[in-house]
Each structure stands twice: as structure tokens, then as C-alpha cells.
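Taking it in order: structure first as C-alpha cells, then the write-up.
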Amino acid sequence: MKHETFDVIAVEGGRPVKMWTHGVPVEDEARKQLSNTAKMPFIYKHIAAMPDVHLGKGSTIGSVIPTLGAIIPAAVGVDIGCGMMAAKTTLTANDLPDNLGPLRSAIERSVPHGMSPKTRGFKGRDKGSWDTPPQAVDAAWLQLKDGFDAICDKTPKLRNTNNYKHLGTLGTGNHFIEICLDEVGFVWFMLHSGSRGVGNAIGSWFIELAKKDMRTHFINLPDDDLAYLPEGTQHYDDYVEAVGWAQQFARLNREVMMQNLIAAVRTVITKPFETHVEAVNCHHNYVQKEHHFGKDVLVTRKGAVSAREGELGIIPGSMGAKSYIVRGKGNPESFNSCSHGAGRTMSRNEAKRRFTVADQVKATEGVECRKDADVIDEIPMAYKDIDAVMEAQRDLVEVVHTLKQIVCVKG
């Protein structure tokens, strides 16, 4: 069934799926996954699929899943609280050095990233070649410590994770730090990361716990990764507490990295400048209670951003593509949501099989970034066309700024 801006898929035995995907390809496996999720008995009203929707674990990435009386831990995922932060500066393109290499190097020294010993174990935050000052990390951890202790009292296994050690670190995969220029030449700082090792451990623990509960109660599911925690149970309460904490960790993690990114830029650009002229810090993998269609419901955004009327959000493209600062239109049919990016069109292994370093060099021309075999899985051609994605969600958001990256740091 077609509407003006979205399609409706009727799901036999389940709720409908409303899809903002006009002009954007959606693989059959993702459609099947959406239908499986829509068959869960606690789905409220419908599922909203964003234009970047693609296959995920249990539920599709790029979907908004409202529920009454239950949470699906795998729908939230293991990168709990993953999201974006962007800050406009008073710098302009004319203030940047001709050679952007030293700027990228300064950022790489200041923000631990990738799979280095520093980010794996952090044995000696004050050792090695990293310039990260510990003050911001310690101040952020003070806000997190009591909550973490309370979670670990219930689940002691979580204490032995990379928690404090990963605060202020970037990670790998599609996580990145960028310096961008907007449509009139102002410099923006932008980064993408989440709750890192401790969020992964929390997500994995409760996903397995939910699966165990399903087996205990002989509950059959269309997909094991749709295992859920019913409201009113201890496991549900424990998860709500832990996932809320992980989302706070993710937000603070981005704030610490932004502080260190700004400090790194100041070591290269000596001209005084201000930041946070306009700043956005938003999750796109998370769950929270919201009010929709007359009820208080749990909304899980798995690769989607809150887009309430007037609310600012960030929709990044891939390496070499544009990104957008957007303002939400508060569309109730999407549960006030929009896409979280361009969305992948192929797996990481497929991208590595199909493309070469030469392809990566050509696709990222004009961007100061890594151009080697280890980042081919992030090549722009592995993602959907960001312009088509933006066109498909024109009734969800309006573009406030268009950003083009000139420096990109990946792990």
C-alpha cells in the first residue's frame, strides 16, 4: 500500500511496517526481518523503517520499534548508545593549513582509536604515544562510577570489562572523527562512537539472558535474536538500569573525545577560536520511554535518530560523502524519527572482496584520511546514496547544514 511519503507492508499475524524507502533499495532479507519483528505480540501500532534500513542482528538496522510491556535487547544491540556529536566552530576554511596531514596526526595522537594496545587494555593511560589528558576522563567517570557499581552488584561479571579504560576512545568499524566544512565555509568537528567495550558486554549479557528465559518458558520465536524481557520481571528491571547507564556512558564518551579533539586542533591551529557554537549529541542505538498515540511506550531506535519537531540531529554519509545537520519535523507516523546515516548496501567482507585500495583512494579524493586495505570495508560504495536517503525522508527532517569532510580519522 502506498502513501505520499511512505509505503505500508501488511504483515500477516503482526503489526504493519511503514517504510520511508522511496528510491532507496531494500534487500529481501531486511524485509523479512522487519516482518518477523512486526509479529512480536507487544509491538505498538506499527514499525517504522527508515530509508537507510538494512539487515541487522535480530532486527533491521534503520528501524524504530515501539513496544508495550517488553524490550528486545538484541534490537537495541551491543553498541548501546552509539551515536553522533557535532560542534560548529568560529574557524573558516581560510584558517586551515594547506597541509592537513599534521592535523590528522594530532587528532590520532589525542584520541585513542582502533585496536591498539591503548584501546584494548589501557595499561597506562599516561604511557605510550597518546596525548590524551586524563582529567576529562576522570571527571566523566565520576558521573558514571556509582551507577556502574550498582549494576555490578547485580551482575559482577560486568566489572571485568573495558569500562573506565574505554572512556574517551573511538573504536573501530564505522566509528570516526571528522573535520568538516559547511555550506558557507565554517569548520565543524564531528564524531561517531558509543559505549565501547562495556556497552558490548552489557548488551551481550542481556541478549543471552533473554534467550535463556525464552527457553525456560518454552517460548517460540521467529528468530532467536528477538528474545525479549517482559516488564515486571527482575531481568527487565536490571536491563533498563544497565542500558540507561550504557547510554549515559556513550554520551559522555563522545563529550570527552570532543574535548580532546578540540585540544588537538588547537596545537596545530594557533588562531583563537570558539566551539559549540551549535552542538548536537544524539544517540542512534538506544531505547527510552516516550509518549506516542496517547500511550507511554518504549521506543527502540536501532540505527535511527529522534526527530521531534525542532530537534536537531545528525545524519552522516560515508567517507567521501556529505553529512547533514537536520531539524526534526515531528512526524508522528515515524514516531518522531529519521535515519541515522546512509546505511550499508553490502557486508564488510563483500566490500573488501569487491574493491581495491585504488578504489578507496579515488573515492576519498580530497579527504585527508587513511587509504589502505584495512579501511576498504568503509569505502563509500559500500553505502547507500546519501542524497537518495535524504530525499526519501523529506517529511521527517529539514536540512539545516550540509557538511563535507576534509579530515577523517578511523580506527
Given the conditions (1) under 19 Å from T92 (Cα atoms); (2) surrounded by 17 or more Cβ atoms within 10 Å (Cβ to Cβ), which single one is not true for T270?
(2)
Answer from S318, S323 - the residue that is outside any strand (DSSP E or B), among the hydroxyl-bearing types (S, T, Y) and in contact with a strand residue (DSSP E or B) (Cβ under 6 Å, 6 or more places away or on another chain)
S318
Looking at (1) touching a Phe, Trp or Tyr at 6+ places or on another chain (Cβ under 9 Å); (2) touching a residue at least 24 places away in the same chain (Cβ under 8 Å), can you tell me which one D7 breaks?
(2)
Would you pick out the residues in region 154-193 that are hydroxyl-bearing (S, T, Y), assigned to a loop (DSSP other than H, G, I, E, B) and either free of Cβ contacts under 8 Å to residues at least 40 places away in the same chain or touching a helix residue (DSSP H, G or I) at 6+ places or on another chain (Cβ under 7 Å) (or both)?
T155, T161, T169
Boolean, G310 is surrounded by fewer than 14 Cβ atoms within 10 Å (Cβ to Cβ), touching a strand residue (DSSP E or B) at 6+ places or on another chain (Cβ under 8 Å) and modelled with pLDDT of 95 or more
yes
Considering residues that are open to solvent by 40 Å² or more (accessible area, probe 1.4 Å) and of a type in the set (V, I, T), the number found within region 77-100 is 3
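Residues are listed down the side, and each one gets a yes or a no for (1) closer than 23 Å to K212 by Cα; (2) in a strand (DSSP E or B):
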site: G23; (1), (2): no, no
site: E29; (1), (2): no, no
site: K32; (1), (2): no, no
site: N36; (1), (2): yes, no
site: M40; (1), (2): yes, no
site: D52; (1), (2): no, yes
site: G58; (1), (2): yes, no
site: S63; (1), (2): no, yes
site: A75; (1), (2): yes, no
Within region 385-408, the count of residues that are in a loop (DSSP other than H, G, I, E, B) and either open to solvent by 10 Å² or more (accessible area, probe 1.4 Å) or at pLDDT below 90 (or both) comes to 3
Kindly indicate the residue of region 330-384 that is buried (at least 20 other Cβ atoms within 10 Å of the Cβ) and of a type in the set (S, T, N, Q) and also nearest to A93 (Cα to Cα) among those meeting that condition.
T364
Against the condition touching a Pro at 6+ places or on another chain (Cβ under 6 Å), of a type outside the set (D, E), farther than 17 Å from R251 by Cα and at pLDDT 95 or above, how does I179 come out, does it pass?
no
If you check every pair at least six apart or on different chains, which have Cβ atoms under 6 Å apart with a residue in region 366-394 that is in contact (Cβ under 8 Å) with a residue 40 or more places away in the chain and small (G, A, S) first and a residue that is in a loop (DSSP other than H, G, I, E, B) and surrounded by fewer than 22 Cβ atoms within 10 Å (Cβ to Cβ) second?
A382/M346; A388/G23; A392/H22; A392/G23
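The values are calculated or read from the model by the stated rules, or taken from the named source; none is laboratory data. On a predicted model such as this, the values are computed, not experimentally measured, just so you know. Positions of Cβ are backbone-derived with ideal geometry, glycine not excepted, and every protein chain shown enters the neighbour counts. Accessible surface areas use protein heavy atoms only, side chains included; no ligands, DNA or RNA. Shrake-Rupley method; radii C 1.70, N 1.55, O 1.52, S 1.80 Å.
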